[in-house]
Amino acid sequence: MNGPDADINFRILVVCTGNTHRSPFAEGLLRLRLDERELADIAVTSAGITASAGDPVPVDAVAAAAEWGVDLSSHRARQVSADMVREADLILVMDGYHLTALATAFPSDREKLHALALFDPAEDRTDIADPAEMDGERLRQVYARIAACAAEVADYYAEP
């Protein structure tokens, strides 16, 4: 394969509801953590199950993500597609709704689906709350949980 994807050996798709809070933050943070571990052959993207394509990330979420070194100012929401699911090697979802919706829509890709929260070293809840209507402090708590999970995912793939 030629072009920018020539060196990509593994693709992660992160999915949430609207692709304006959780999944774009997880995408950006996973990219940072994978880069820190020199895992340039892993690509990360995100999408939403009910995303309104083109929606920007709210200002409060952009500010919270920036505290983690993630720039979401130019991110625009994308609707999850059959091509995205097919091309992904791993699909990380935020809650049971996403898991069920994707498993129903794409039954042949069911084995790729996993809850991001399963990588949380501190909590055993499998859902990561939707911060769309939360205040800034709760949004930061959700992002902290996603950050812990992203570090664990990167560590998992960095192990020899």
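Data table
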quantity	calculated
Residues satisfying the stated conditions in the stretch 105-129, i.e. closer than 16 Å to GLY48 by Cβ and out of contact with any helix residue (DSSP H, G or I) (no Cβ under 7 Å at 6 or more places or on another chain)	ALA105
Helices (runs of 4 or more DSSP H) wholly inside the stretch 1-98 containing at least 1 residues that are within 18 Å of GLU133 (Cβ to Cβ)	22-36, 59-66
Neighbours by Cβ (under 9 Å, 6+ apart or cross-chain): first from the stretch 74-101, within 23 Å of PHE119 (Cα to Cα) and hydroxyl-bearing (Ser, Thr, Tyr); second open to solvent by less than 80 Å² (accessible area, probe 1.4 Å) and part of a loop (DSSP other than H, G, I, E, B)	TYR97/THR17; TYR97/ILE49; TYR97/ASP127
Test: residue in the stretch 39-51 that is closer than 13 Å to ARG22 by Cα and in contact with a His (Cβ under 7 Å, 6 or more places away or on another chain)	yes
The lone exception for ASP95 - which of (1) surrounded by 14 or more Cβ atoms within 10 Å (Cβ to Cβ); (2) closer than 17 Å to GLY28 by Cα it fails	(2)
Tally, over the stretch 122-160, of residues that are assigned to a loop (DSSP other than H, G, I, E, B), in contact with an Asp or Glu (Cβ under 7 Å, 6 or more places away or on another chain) and surrounded by fewer than 19 Cβ atoms within 10 Å (Cβ to Cβ)	1
Failed criterion for ASP120 (all others in (1) over 14 Å from VAL14 (Cα atoms); (2) touching a Cys at 6+ places or on another chain (Cβ under 7 Å); (3) modelled with pLDDT of 95 or more hold)	(3)
Test: THR45 is surrounded by fewer than 23 Cβ atoms within 10 Å (Cβ to Cβ), under 20 Å from ASP89 (Cα atoms) and among the hydroxyl-bearing types (Ser, Thr, Tyr)	yes
Any hit, the stretch 93-114, residues being modelled with pLDDT of 95 or more, in contact with a Phe, Trp or Tyr (Cβ under 6 Å, 6 or more places away or on another chain) and under 23 Å from ASP35 (Cα atoms)	no
Options VAL57, VAL85, VAL62, VAL70: the member that is in contact with a His (Cβ under 7 Å, 6 or more places away or on another chain), surrounded by 18 or more Cβ atoms within 10 Å (Cβ to Cβ), of a type outside the set (D, E, K, R) and at pLDDT 95 or above	VAL57
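The values are calculated or read from the model by the stated rules, or taken from the named source; none is laboratory data. Bear in mind that the values here come from a model prediction, so they are computed numbers and not experimental data. Positions of Cβ are generated from backbone atoms using ideal geometry, with glycine treated the same way; all protein chains shown enter the neighbour counts. Note: areas computed on protein heavy atoms with side chains; ligands, DNA, RNA excluded. Shrake-Rupley method; radii C 1.70, N 1.55, O 1.52, S 1.80 Å.
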